[in-house]
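Student: Have a look at the structure that comes next, please.
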Amino acid sequence: MTGTEPVVPDFQALAQPGVQRLRAYDPGHDLVALRREYSGSFLVELGSNENSHGPSPRAREAVLDVINELHRYPDPLGGDLKLTLASYHGLDTAQILLGNGSHELLMMLAQVFAGPGLDVVAARYGFAVYALAAQAAGANLRLADALPKEHAMSRGHDLTALAAQVGPDTRLVYVANPNNPTGTWFSSEALEHFLEAIPPQVLVVVDEAYHEYVTDPAVASALLLMERFPNLVVARTFSKGYALAGLRVGFIAAHPELVAVMERVRESFNVNGLALAAARAALYDQDHLDWVRERNTEERELLARQLRERGLFVPESQTNFLLVDFGREAAPLEAALVQRGVVPRPMVGYGLPTCLRITVGNRDENRRLLQALDEVLA
C-alpha cells in the first residue's frame, strides 16, 4: 500500500463520441420512491402509459407454470413465441426478431444500420428513443417539423416533411403510428404513399407500440405492407395493450435477411423465460385484448371530454393516453398533482413545456385525477 489515491480515468473521454454527447433516457418520475412515500395511501400512476386493466389471466397462469424453472436459461431462440407470433400475424418465423421490449430493438436498428457520417430521420415530438438511438450510434439526427398545433392531428407526424428530410446519407427513418407522446395517427393509405416516396435502401421503421388500442378502421398494421416494401421494419411490444410491461418483451418484423443481420448483435437470452411464456399465452386470449381495447376507448373518450370541459386543449388520440395542453407552463401543475398523489408525465424534454401526458386509467383512477386537477386549477 503506497497511500496514494488511485488515478480515476476520464470515463467521459474514453466513451465513443456518440455516447459522449448522449443523455440517458428519462423515464419520468422515480416511481419506486413515490410508491414508498405514498405507501398506505392511493398513488395514481398515470405517467408511463401502462395498461391499467392488467394482463390476460392466461398470461398470469403461464408465468406460474414456469416459475419453478427460474434456474434454467430461457429458449435462446424464443422458438415457441416466434411460432405463435408468425401464426397470429401471418408471418414466417424468419421475419421475426425478439427483444427485451421494443426499446432494445429500436436501439439495435441504429447500432446495426446507422453510424458516423450517416443520417437518421425522425419527427419532432416523436418517441425520445429514436433520437437516443441515432446519437448512440454516432449518426446525424435529422428532425422533420411536426404538423401545427391547430391541425386535426395536432403536433403529429407530417409525412411529407419526413420524406423531404431523406437524403443520400439516410439509412433509417423512424415513424410511430400511433405516435407517442401526441397520440396522433395516420392512415394506412398515407403510410403506403410515404413508403413509395422512400428509396429502397432506406429502412423505414414503423413503431406500432400502441396499435392494439387503435379503433380507427383506416389504420391497419404496417405488417400488411411488408411483402411490397422489403425496406419496411415493424416494431411491436407486449408492454401496452397486452399489459406485460414488467416482463419486457417485444419484437420486430422485417425481411428475413435484415433479421439475420440483426441476429449477429442480439444479446443471447435477451428475452427471459417468464416473458416468453406470458407473451405466448397473451396472444391466445383475443377476448381479453378486445375487452381492454373497449374499456380503454370508453374511458379515453370520457376523460378527454371531461378535460375539455375544464377548458383544456386535448387532441384526439388512438392510444391509452392523452396529451393535455394547459396553455401555460405545466411544471407547477405537475408538481401540485404529484403532491396530491397523481403522477402524470412531464413533456419539457419533448419540447412541449405547456403539456402533460396523462395515461388513461380505470374509472376510479381517472376520477381521482380529475379531483386533484380541479384542486390544482382552482
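The values are calculated or read from the model by the stated rules, or taken from the named source; none is laboratory data. Keep in mind that this is a model prediction, so the values were computed, not measured. Don't worry about glycine lacking a Cβ; one is built from the backbone with ideal geometry, like all the others, and counts go over all protein chains shown.
Student: Inspect segment 280-297 for any residue being of a type in the set (Val, Ile, Thr), more than 27 Å from Ala110 (Cβ to Cβ) and in a loop (DSSP other than H, G, I, E, B) and give the result as yes or no. Quick ask: steps written out before the conclusion?
Tutor: Pass one, segment 280-297, residues of a type in the set (Val, Ile, Thr): 292, 297.
Those left that are additionally more than 27 Å from Ala110 (Cβ to Cβ): 292, 297.
Filter once more, so that each one left must be in a loop (DSSP other than H, G, I, E, B): none.
No, because not a single residue in segment 280-297 is of a type in the set (Val, Ile, Thr), more than 27 Å from Ala110 (Cβ to Cβ) and in a loop (DSSP other than H, G, I, E, B).
Student: Residue check, Leu369 against (1) crowded, with 20+ Cβ neighbours inside 10 Å; (2) under 18 Å from Asn179 (Cα atoms), all met but one. Which one?
Tutor: So Leu369 meets the others, but not (2).
Student: Condition first: hydroxyl-bearing (Ser, Thr, Tyr) and either surrounded by fewer than 18 Cβ atoms within 10 Å (Cβ to Cβ) or free of Cβ contacts under 8 Å to residues at least 12 places away in the same chain (or both). Now tell me which residues in segment 149-171 satisfy that.
Tutor: Initial filter on segment 149-171 (hydroxyl-bearing (Ser, Thr, Tyr)): 154, 160, 170.
Selection gives Thr160 alone.
Student: Please give the helices (runs of 4 or more DSSP H) falling wholly within segment 25-123 in which 1 or more residues are among the small types (Gly, Ala, Ser), under 18 Å from Val271 (Cα atoms) and modelled with pLDDT of 95 or more. Step through it out loud before you land on a result.
Tutor: On the way: elements: 31-37, 57-66, 79-89, 101-113.
The qualifying helices (runs of 4 or more DSSP H) are 57-66, 79-89, 101-113.
Student: Could you check, for segment 161-179, whether at least one of its residues is in a loop (DSSP other than H, G, I, E, B) and either of a type in the set (Asp, Glu) or assigned by TED's automatic domain parsing to the domain that holds Val314 (or both)?
Tutor: Within segment 161-179 (the criterion being in a loop (DSSP other than H, G, I, E, B) and either of a type in the set (Asp, Glu) or assigned by TED's automatic domain parsing to the domain that holds Val314 (or both)), the answer is yes, since at least one residue qualifies.
Student: When the residues of segment 232-248 are narrowed to those that are out of contact with any His (no Cβ under 8 Å at 6 or more places or on another chain) and among the charged types (D, E, K, R), which ends up surrounded by the fewest Cβ atoms within 10 Å (Cβ to Cβ)?
Tutor: In this case the residue turns out to be Arg248.
Student: Give Ala146, Ala139 a once-over and let me know the one that is more than 15 Å from the chain's Cα centre (by Cα) and without any contact (Cβ under 8 Å) to a residue 40 or more places away in the chain.
Tutor: Details: Ala139 fails: without any contact (Cβ under 8 Å) to a residue 40 or more places away in the chain.
Testing whether each residue is more than 15 Å from the chain's Cα centre (by Cα) and without any contact (Cβ under 8 Å) to a residue 40 or more places away in the chain leaves just Ala146.
Student: Of all residues in segment 191-229, which are in a loop (DSSP other than H, G, I, E, B) and surrounded by 17 or more Cβ atoms within 10 Å (Cβ to Cβ)? Reasoning before the result, please.
Tutor: From segment 191-229, those in a loop (DSSP other than H, G, I, E, B) are 197-202, 208-210, 214-221, 226-229; that's our starting set.
Of everything in segment 191-229, those that are in a loop (DSSP other than H, G, I, E, B) and surrounded by 17 or more Cβ atoms within 10 Å (Cβ to Cβ) turn out to be Ile198, Val202, Glu208, Ala209, Tyr210, Val214, Val219, Ser221, Met226, Phe229.
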